[in-house]
Amino acid sequence: MRRLADADYPLVALALVLSVMGVAMVYSAGQTDVSTGLSGLWRMQALHLALGLGAAWLVSRMSIRTLDYVTPAFYGIVVAVLVLLPFIGRGAGTAKSSRSWLYLGDVSIGQPAEIAKVAVVMMLAKVLASRSDAPRTLADFWRPALVVGVPWMLVMLQPDLGTGLVFIGILFAMLYWAGTRWQLLVMAASPVVSLALAFNTPLWGAWFVFIIALIYKTRPYMLESVAVVGANLAFGVVAPFVWGHLQPHQQQRLLVFLDPSSDPLRSGYHVLQSQVAIGSGGWFGKGFTQGTQKRLAFLPEQHTDFIFPVVGEELGFVGVAIVLALYAWFMMRCIRIAARSQNTFASLVAFGLVAMLFAHVVENVGMTVGVMPITGIPLPFFSYGGSFMLTCWIAVGLLVRLSLEGRGQADTLVI
Amino acid sequence: MVAATGIEAARVRLHPNDVQRRSRGAAAVLFLAFVFLVGTFFHAQVVQHGDYALRSRDNRMREIPIPAPRGMIVDRHGAIIAESVPGYSISVIVPSADSLRTVLGRIGSVIPLSEGQAEEAVRRFRRNANRPTVILGNATFDIVSRLEEHRVEFPGIIIQDAPKRFYPAGSAVSAFVGYTGEVSEQELTTPAFAGYKPGQQVGKGGIEREYESRLKGAEGVRFVEVDARGRVVRDADSSTTVLPQPAPRFATNIDLDLQQYVADIFGDSLAGAAVALDPATGAVLALHSAPGFDPNRFIGGIPAGYFRQLLDDPRRPLYNKATQGRFAPGSTWKLATAITALELGLVKVTDRMPTPCTGGYQYGNRYFKCHLAKGHGFLTLAQAIEQSCDVYFYQLALKVGLQRLVAGGVRLGAGARSGIDLPAESRPEYPSDPAADYFTKRYGPRGWTQANALNLGIGQGENAQTVVNVARFYTALANGGVAARPQIASGAPSIERIFALDSTAYEGLRDALAGVVERGTAASSRISGVALAGKTGTAQSGVFRGGQELNHAWFAGFAPADAPRIVVVVLIEYGGHGTRAARIASKIMGHYLKMTPAQHIQTEGE
């Protein structure tokens, strides 16, 4: 047994600093001049943090072998709960319209979609580690794709686009870490890129030429090449054509279907208010709890999805830079753990967890400043919410455990 | 420690070199993503900080205008004609017309709010959504206290002081003071109201309108902080408040005591107008149009019922008979004929005309009647003025000739506005000089003759004067030829010589005017201790009742005759003979000069 003294304590310290700041910001988000009913939430969040610390400690006591052993059962239970959720779930909090909450009697247990991320990471790691080599063809993707695809479908049905996107990010990141060639990943992702570029013909043309060149260079199976080219053509040419022939209200309906949290009228307003809050913070901010945009409730969901603008408004650019630096440092430690690990499963779990946190931070922070679309996913350690706080700290617990398995070959990666 | 076979196999795959390469790749992605985010925040928080800081302030601050109390209007002795009394306005800050309707619906259960007032509020909101929308511009204390009770139910409601105009003399000053009201959409498009905002109170009519720029003061502003739904959270720091600047006192030439006296004489039964001027300066001592209306009821929106009542009144209270009404001046205008003839040297005050008055005058194939059917006989000019003999003036007009008569009248100001400082003064009707062109244009080259001069000579025909313009003409008679522009606001007088006579002629005229009251047509209006001078007029109105033409009664005069201190012109609409107007004028002059009429005035008739 390795001694706990070998654990990655800087990682825990960073997570703790971020969480304490998070609770403080939840407290600040509740300090408003208009009644928002948020003033007491920070105590709940502190409780969530305590629960998270306990869970992290428990998880860190489990050996890699045990973790490896319980993974299929954990994954199975989570998928089962996600399957049942449309029938037993309820709406609550910021996702009132979707049945994403699990209740036991009248007590809300939490949002299974959050913990499902950890289960997916672990199951994916197990599946990828069970093979002696990395996927070499697109056809080899079917098992990892199935592992992610099942919960992904279930989450999208809730619907929860943000979490769905995080799953996709986890899948690609872990395939990359497992040794899949980047060309293959690009080809797998190419139809989505085509869709994104579909409305700009020259850009799409360049992308299409690039994909053709990639296929020529890597020479995958003929059937796969045809599938990739076909998918790119379908998304890049046919989709805009069909889109153009839709009535505006049909387009609107499709957009809302794809992302129900995007209220087209309000989302622009939300981003604007968020940007005004951040921009008015200046170098040093308006002072803790003193943000006027926040005090007057101009910020939407200022205790959950839009908590980062409160940081921007009250602590200024300096505060923002410090928080982002802490996140970056934390994630570098995670990558280090993944790189040092002598166990493929452990290494993949560590990298999958950092991919998950990275996706959350970049999407959430980017959304508040208007460089990412609004999807409504929480900011790790900051956003109010029990399930996600617990998920983040279980991840920290896992990482601590995984860090004990490292042997130091990756010391050249200086962090 | 037991290692599973899968784990052993995987060890081979995660070769340290590969892992290092991939972790460098991952670290690079991480680094670039965070640099990008930090850069984005730097751009927003440091580069564009000023812009966002401004938007943040605008976001939460709403401007609440504080109306400035309008300037107090006082008479020549400091008595209050118009003042600002405490009033309240109720307005609301709402984000949309829909929420305004909701608020109006709910507030309707607490305070009385008519359908029209609600619609008006929605219109106001549409015009300017950034300003608090006024729901009630003129709320009573009762309404305010009821609303205060339910304050918590109506966030966003702003109750504030809105000084209200009050005219203590009420209808007595309605002819010149005007009233105030919300600036209209139409007014806002005119350059005169540049810089005004919808909802602001402005002068409507009278001196309130004429001197709007001096009376309005400077609107103040305070700020309130609102939340994302536009609900008022609290007042902003009071240091941001700009206090309104009340306009200074506005002094007028009016003698409120005299004005009240004039209004009381007219009372409710008589229709007509009276103007009293200081002949030396043109200062308007009193100006009344009867019947008046109560300007206080016009504040904050005229009640529909009252407005209809005013419109339906056949005596037309809303029509200003002193400055807008035009009436044939009748015999009061004989003085213009006399002055023109005297200036031309065609006659002396003591001269008689060739034909004696026998009750009428034959000119060509037409017979022109004198008002006295039995005739006046041979009269001098002075006597003709005293007795108002038409036959004498027919002959005098013919002697002057149409051309010179019209030219003289124009020089005396018959065709121009008096220039009084009130809006919407009517221009009198009078032939333009040269007369031949005017008459040809009007009647055709063969449609007129010298006979037109006969009518003009006695103040009939193509001559319709405003009461205030006749008053201006009589200031010149009182002053020896210098006319003063009637002026309500106190200030430098504007005077102009309109005729010049040698002293014999002028004094002769003045004595004749004194004779009118002493022994002539206005003899019943004498005042003991002071000599009044003036001229009656009985002008055809063109309106018949019972086969008899109704006449307007005029009197224009001044007192004391030898050193005039007041010019008074009185017109009684359909009032019959001028002597009736003379009695009222004599009372006005007597009141002003603190004298009592020598003969107690009977109520009616001669």
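Of all residues in region A:338-358, those satisfying the criterion of being in contact (Cβ under 8 Å) with a residue 40 or more places away in the chain, hydrophobic (A, V, I, L, M, F, W, C) and more than 10 Å from chain B (Cβ to nearest Cβ) are A:349, A:350, A:353, A:356.
Residues checked against (1) modelled with pLDDT under 90; (2) in contact with a strand residue (DSSP E or B) (Cβ under 7 Å, 6 or more places away or on another chain):
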site: A:8; (1), (2): yes, no
site: A:33; (1), (2): yes, yes
site: A:38; (1), (2): yes, no
site: A:57; (1), (2): no, no
site: A:73; (1), (2): no, no
site: A:89; (1), (2): yes, yes
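Please go through region A:359-373 and pick out each residue that is touching a residue at least 60 places away in the same chain (Cβ under 8 Å), more than 10 Å from chain B (Cβ to nearest Cβ) and crowded, with 24+ Cβ neighbours inside 10 Å. A:360, A:367, listed by residue number. The number of residues in region B:537-581 that are surrounded by fewer than 24 Cβ atoms within 10 Å (Cβ to Cβ) and either of a type in the set (D, E, K, R) or at positive phi (or both) comes to 10.
Please work out which residue is nearest to the other protein chains (Cβ to nearest Cβ), limiting yourself to region B:42-75 and to residues that are outside any helix (DSSP H, G or I) and among the aliphatic types (A, V, I, L, M).
Checked region B:42-75; the qualifying residue nearest to the other protein chains (Cβ to nearest Cβ) is B:61.
Of everything in region A:120-165, what is of a type in the set (Lys, Arg) and in contact (Cβ under 8 Å) with a residue 24 or more places away in the chain? Give them in sequence order. Selection gives A:126, A:136.
The helices (runs of 4 or more DSSP H) found wholly in region A:296-415 and carrying at least 2 residues that are more than 20 Å from residue A:173 (Cα to Cα) and among the aromatic types (Phe, Trp, Tyr) occupy A:308-340, A:386-403.
The listed residues are B:379, B:372, B:346, and the only one of them that is in contact with a Cys (Cβ under 6 Å, 6 or more places away or on another chain) and surrounded by fewer than 22 Cβ atoms within 10 Å (Cβ to Cβ) turns out to be B:379.
When residues of region A:124-137 are filtered for being buried (at least 24 other Cβ atoms within 10 Å of the Cβ) and either out of contact with any Gly (no Cβ under 8 Å at 6 or more places or on another chain) or at pLDDT 90 or above (or both), how many remain?
Residues that pass the stated criteria total 3.
Of B:78, B:39, B:116, all but one fail to be in the same structural domain as residue B:180 (by TED's automatic domain parsing), part of a helix (DSSP H, G or I) and among the small types (Gly, Ala, Ser); the exception is B:116.
Just wondering, is there one or more residues in region B:404-414 that are modelled with pLDDT under 95, more than 44 Å from the chain's Cα centre (by Cα) and either surrounded by 20 or more Cβ atoms within 10 Å (Cβ to Cβ) or not β-branched (Val, Ile, Thr) (or both)? No, the conditions are met nowhere in region B:404-414. In this structure, residue B:432 does not qualify as in contact (Cβ under 8 Å) with a residue 60 or more places away in the chain and polar (S, T, N, Q). Only one of the numbered conditions (1) at pLDDT below 85; (2) at the interface with chain A (Cβ under 8 Å from one of its Cβ atoms) is not met by residue B:1, and that is (2).
Exactly one residue out of B:82, B:118 is without any contact (Cβ under 8 Å) to a residue 24 or more places away in the chain and among the aliphatic types (A, V, I, L, M), and it is B:118.
Screening region A:270-293 for residues that are in a helix (DSSP H, G or I) and more than 9 Å from chain B (Cβ to nearest Cβ) and picking the one that is modelled with the highest pLDDT gives A:274. When we screen A:192, A:209, A:186 for residues that are at negative phi, assigned to a helix (DSSP H, G or I) and modelled with pLDDT under 85, the only hit is A:192. All conditions in (1) surrounded by 16 or more Cβ atoms within 10 Å (Cβ to Cβ); (2) farther than 27 Å from residue B:555 by Cα hold for residue B:262, with the sole exception of (2). Annotation: residue A:229 fulfils all but one of (1) at pLDDT 85 or above; (2) under 24 Å from residue B:52 (Cβ atoms); the unmet one is (2). Among the residues examined, residue A:246 qualifies as part of a loop (DSSP other than H, G, I, E, B), touching a helix residue (DSSP H, G or I) at 6+ places or on another chain (Cβ under 8 Å) and at pLDDT below 85.
The values are calculated or read from the model by the stated rules, or taken from the named source; none is laboratory data. Everything numeric in this text was worked out from a predicted model, so none of it was measured. Neighbour counts run over all protein chains shown; Cβ positions are idealised from the backbone, glycine included.
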